[in-house]
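Below: the structure, in structure tokens.
Bear in mind that the values in this text are calculations on the coordinates, not laboratory data. Remember, it's a predicted structure, so these values are computed and weren't measured experimentally. Heads up, the Cβs are rebuilt from the backbone with ideal geometry, glycines too, and the neighbour counts pull from every protein chain shown.
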Amino acid sequence: MSSIDVTINQLNQAAATIFVVVLIINFALGAVGLILNVLVFSRSALRREPCSLYFLSSTCYDLFVIFLITPVRILSNAYNINGALYNLSICKIESFTFYVTRVISIWLIVLACIDRYLHSSSSERIRRLSSLKSAKISIGIISIIVLILYCHMLVYYGIAYVSNQFGSITPQCISQKGIYRTFLGFWHLAVSSLCPSFLMLLFGFLTLNNVRQRRQLVQRVGENRSIRRTDSQLLHMLAAQVLVIIIATLPFCVYELYSSFTSSFTKSTLELAQENLANQITGVVTYFAHSSSFYLYTLTGSIFRKEVRKIFGRCRHCHQNHVHTMDGSQHRIPVLQTTRQIITASNAPT
């Protein structure tokens, strides 16, 4: 075996290992973190905030990514189990669903950035646009828009036989070769990375400008300090999420654009292996945009940490309120009932 063959095998082995290992890490992080996200953002302290509703909705889409897309990718890459390679309908629906779900999740964070800008405005008329009703309408509209923007995939995606990283001809569920593949590369780069990143940064700077202006004004009558603190914490959480989304998604979109431009070129097996490694690394990194939100919110938002502690405290409290009877069964003693019994016993005549 020549040194080139050894290098090719090492590159392909490294690509497969990195992809599966990092996906498993993402699955473990996301499975725990996203469920806790749902519990925290459903609590009364946060669910009244439109920004929290955007976080919660994005988390629901991320749950789909972690619990459905991630296992499918692991089975496909580790065990070569993928029905999309042999059934055209599965190929089209799977590709369309996987793209749309991840893009909607990112655009919901864009809406959260816009909401923070509206909420921080010194104009009361603009601040009124930040409401739960507006958030619900916006979530529905952006979901429909993204579905429409990617509906062309249902037509132009199919099963084609192409050279894989080993130089063998195998079936792949990919877009049609030629103009459409180049278009899709540009389209996905713009819709899933460039436009969201630009809007996140734009409204982030506008929000900071609003915050500076409000600090220079006299404090409004009746303004609650706890409300201002909540707004500040949500802004910090949003900034961390935006930064991770930009870092995680941009390299993969750039690679897809490069791949679409060079799809008609004749490539050696070594070049295919190198591109496969780049594809797997940049592709798997994008999953951190969907699995890391809980940990980012915990690090950057004290109000979020407070709600997490309350959840764990309640779970521990419920566990402590269970007692074992003589027959080994468990019974829960309500705190109120126990307190009443103690008071009654203390007031009883001796």
Pull out the extension gain between ALA14 and ALA190, defined as 0.36 nm times the separation in residues minus the alpha carbon to alpha carbon distance; nm, one decimal. 60.4 nm
At R0 = 41 Å, FRET efficiency that the Cβ-Cβ distance of LYS136 and GLN176 yields, to 0.05: 0.65
Which is farthest toward the positive dipole end of the stretch 3-300 among SER193, LEU34, ALA135, measuring Cα position about the Cα centre, with Cβ charges +1 (Lys, Arg) and -1 (Asp, Glu)? ALA135
May I ask you to derive the FRET efficiency for SER163 and LEU39 from their Cβ-Cβ distance with R0 = 51 Å, giving the value to the nearest 0.05? 0.60
How big is the charge dipole of the stretch 6-145 about its Cα centre, in debye rounded to the nearest 20, if each Lys and Arg gets +1 on its Cβ and each Asp and Glu gets -1 on its Cβ? 540
Need one number: nm distance between label points at ILE247 and LEU88, each 7 Å from Cα along Cα→Cβ, rounded to one decimal. 4.4
Take the Cα of TYR295, step 7 Å along the line toward its Cβ, and report every residue of the stretch 83-106 whose backbone nitrogen sits under 20 Å from that point. 106
Counting other C-beta atoms within 10 Å, which of ARG102, ARG128, ARG116, ARG305 has the fewest, and how do the rest follow? ARG128, ARG305, ARG102, ARG116
Starting from 0.36 nm per residue, how many nanometres of slack lie between SER2 and ARG127 once their C-alpha separation is accounted for? 38.3 nm
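Fewest Cβ neighbours within 10 Å first, please rank TRP107, TRP187 accordingly.
Fewest to most other Cβ atoms nearby, the residues stand as TRP187, TRP107.
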What is the spin-label model distance, in nm, from LEU202 to ARG214 if the labels are put 7 Å beyond Cα along the C-beta direction? 2.2
Would you kindly state how much longer the chain becomes between VAL21 and ARG229 on full extension, computed as 0.36 nm times their sequence separation minus their alpha carbon distance, in nm to one decimal? 71.0 nm
Rg to Rh for the stretch 3-300: what is it, with Cα atoms only and Rh by Kirkwood? 1.03
Can you tell me which lysines have their Cα less than 23 Å from the Cα of LYS92? Leave out same-chain residues fewer than eight positions away. LYS177
Would you list, by chain and number, the lysines whose Cα falls below 30 Å from the Cα of LYS306, excluding same-chain residues fewer than 8 positions away? LYS133, LYS136
